[in-house]
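Asks: My questions all concern the structure below.
The values are calculated or read from the model by the stated rules, or taken from the named source; none is laboratory data. Small disclaimer: the values here were computed from a predicted structure and weren't measured. All Cβ positions, even for glycine, are placed from backbone atoms using ideal geometry, and neighbour counts span all protein chains on display.
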Amino acid sequence: MDYSIHRIENHWNEALASLHSDCLVVGVYPNGELTPSAAALDHLSGGMLTRLTTRGDLEMVAGKTLLIPSVSGVMNTERVLLVCLGTAEELKLKRWKSLFTESLNALQQRGVARVDFALLEAAPQDMSQADALRHAVLALDEASYRFLDFKSDKIGALPSVQQAAFLVSASDEEALETALAQSKAIALGVELTKNLANTPGNVCTPNFLAETAQQLAAQSDTLTVEILEQADMQQLEMGSLLSVAQGSDQPPKFIILDYRNGAQDAAPVVLVGKGVTFDSGGISLKPGEKMDEMKYDMGGAAAVLGIFKAVAAMRLPVNLVGLIPSVENMPSGGALKPGDIVTSMSGQTIEVLNTDAEGRLILCDALTYAERFQPAAVIDMATLTGACVIALARAPSGLLGNNPELVQSILKAGETSGDRAWELPLWDDYQDLLKSNFADMANIGGREGGAITAAAFLSRFTKAYPWAHLDIAGTAWNSGDKKGATGRPVPLVMQWLMARAEK
Ligand code: BES
Ligand code: MN
Ligand code: ZN
């Protein structure tokens, strides 16, 4: 989808009289009150909108729409879509986004190729125009996303609406152009993240992720990529990471992305993404039901790649390192077994009591590797535990960390972006649960507090820097009807990085 800003000079009356549009979207409040643009349209059409709304043609419930196939008085506007905004007091982020989603859905496959939104004038009161625009773009992009790589009919399934323009008054234009450019970049990142997570495990292998990273670097002058092969990882003594890979025919890859566009001496932020391209559970094999969904166990890796794509596209002035340990977790004659003891890159030994707790086994070596960048902060993203989904469902990502300021700033970015996280405790109390009779620690802590014990495990490898962990097992993926990747937590982390870059 293509997005643009259309500047309105002078008054709505004149602007709308001369507007060329496939479809103009205007808003109405449930009490019949019209927004300024809708009022202008009403005036031009001799009171048509008022007649329709008082007559009851539009159900006065937030998000309900009425498509008017032609309106007199606006010769070059082919159609008008009236959308009920709900009350101004109840218009918050979620509803704001839904207005765009509902509008787009009402227009798909009706021959509308380009839509003009005159809704920014009705943006939520607690939101800047720029933020409102950003959220609108991301909502539209979400609603028009299709994953057709593996469908024979790619054309027929495409949404008809290809272009969206936002009508804005001249005074705000510059800030809005910036916001538009930023949200386009984020949308590109979200799309990449979704595409990768939706791509099946027979295609999206560790090597596929590595090639994707290399393609990103080829398109950018500020991004370089290095791929560590199995032999390199052996040399680094990443024994924990390698132990997960040993059951698979797919060679492991360790992807290092390096984006430098901030102050030369500024310590980088390091993003770490779990890249298990398929998680069968290994010898601790998962049950068959929904096992197909474990192709998205590289959702953290996909998010890191999406974030780098967005950051490079908007040329964000930050220094950013991305680390993606990538493996396939499979059972075989050579696979890691319950009871095996492995030595991590940090030197700490781990008794593997369950080969399905593999995410932490690959992340711990990446987190140790992160030390060499002397990072300002490290954020890891991982589809780490089913327990996180049980604790929090799919609304927020689970958030745990060793630095309260970092955690607070991430929580805040979650609220602003609408891609929320929720903190879980990471007290010392939980460390006891990881005791092993034979090694420095076990890789599981039992059934209770599974999301927390997983993070407690990781915390043993993150003592050298401020660190936060996002458990995205629930948020990276929709189950059920809408089965597929969500692109989260790209909007959250982008918001956090942008806020940081502004400081
Ligand atoms: N990739 C899974 C976690 C997961 C589960 C992600 C469901 C998305 C949806 C992870 O590797 C895993 O298997 N975790 C185990 C840990 C357990 C063995 C301690 C889990 O959550 O059951
Ligand atoms: Mn697993
Ligand atoms: Zn996993």
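Asks: Within the stretch 461-503, how many residues are within 22 Å of ALA312 (Cα to Cα), among the β-branched types (Val, Ile, Thr) and part of a loop (DSSP other than H, G, I, E, B)?
Replies: 1
Asks: Within the stretch 322-330, is there a residue that is within 16 Å of ligand 1 (Cβ to nearest atom), over 21 Å from HIS469 (Cβ atoms) and not in a helix (DSSP H, G or I)?
Replies: Yes, some residue in the stretch 322-330 is within 16 Å of ligand 1 (Cβ to nearest atom), over 21 Å from HIS469 (Cβ atoms) and not in a helix (DSSP H, G or I).
Asks: Now a separate question. Could you list, in sequence order, all residues of the stretch 471-487 that are more than 13 Å from ligand 1 (Cβ to nearest atom) and either in contact (Cβ under 8 Å) with a residue 12 or more places away in the chain or touching a helix residue (DSSP H, G or I) at 6+ places or on another chain (Cβ under 8 Å) (or both)?
Replies: GLY484, GLY487, listed by residue number.
Asks: Which of the residues spanning the stretch 272-307 are away from ligand 3 (no atom under 14 Å from the Cβ), of a type in the set (A, V, I, L, M) and part of a helix (DSSP H, G or I)?
Replies: The answer is ALA303, VAL304, LEU305, ILE307.
Asks: Would you please name the residue that is surrounded by the most Cβ atoms within 10 Å (Cβ to Cβ), looking only at residues in the stretch 325-345 that are more than 13 Å from ligand 2 (Cβ to nearest atom) and under 16 Å from ASP297 (Cα atoms)?
Replies: The residue in question is PRO325.
Asks: Let me ask something else. Those residues that are out of contact with any strand residue (DSSP E or B) (no Cβ under 7 Å at 6 or more places or on another chain) and within 23 Å of ALA382 (Cα to Cα), I need them from the stretch 324-342; list them, please.
Replies: Residues satisfying the conditions are MET330, PRO331, ALA335, LEU336, LYS337, PRO338.
Asks: Against the definition (assigned by TED's automatic domain parsing to the domain that holds ASN319, under 30 Å from ALA501 (Cβ atoms) and surrounded by fewer than 24 Cβ atoms within 10 Å (Cβ to Cβ)), how does LEU257 come out, yes or no?
Replies: no
Asks: If you check VAL80 against the conditions, is it touching a residue at least 12 places away in the same chain (Cβ under 8 Å), under 28 Å from GLU177 (Cα atoms) and hydrophobic (A, V, I, L, M, F, W, C)?
Replies: Spelling it out, VAL80 is indeed touching a residue at least 12 places away in the same chain (Cβ under 8 Å), under 28 Å from GLU177 (Cα atoms) and hydrophobic (A, V, I, L, M, F, W, C).
Asks: How many of the residues making up the stretch 264-284 are without any contact (Cβ under 8 Å) to a residue 60 or more places away in the chain and either surrounded by fewer than 22 Cβ atoms within 10 Å (Cβ to Cβ) or more than 11 Å from ligand 1 (Cβ to nearest atom) (or both)? Give the steps one after another, and end with the answer.
Replies: Narrowing the stretch 264-284 to residues without any contact (Cβ under 8 Å) to a residue 60 or more places away in the chain: 264-265, 280.
Adding the requirement that they be either surrounded by fewer than 22 Cβ atoms within 10 Å (Cβ to Cβ) or more than 11 Å from ligand 1 (Cβ to nearest atom) (or both) leaves 264-265.
Total satisfying the criteria: 2.
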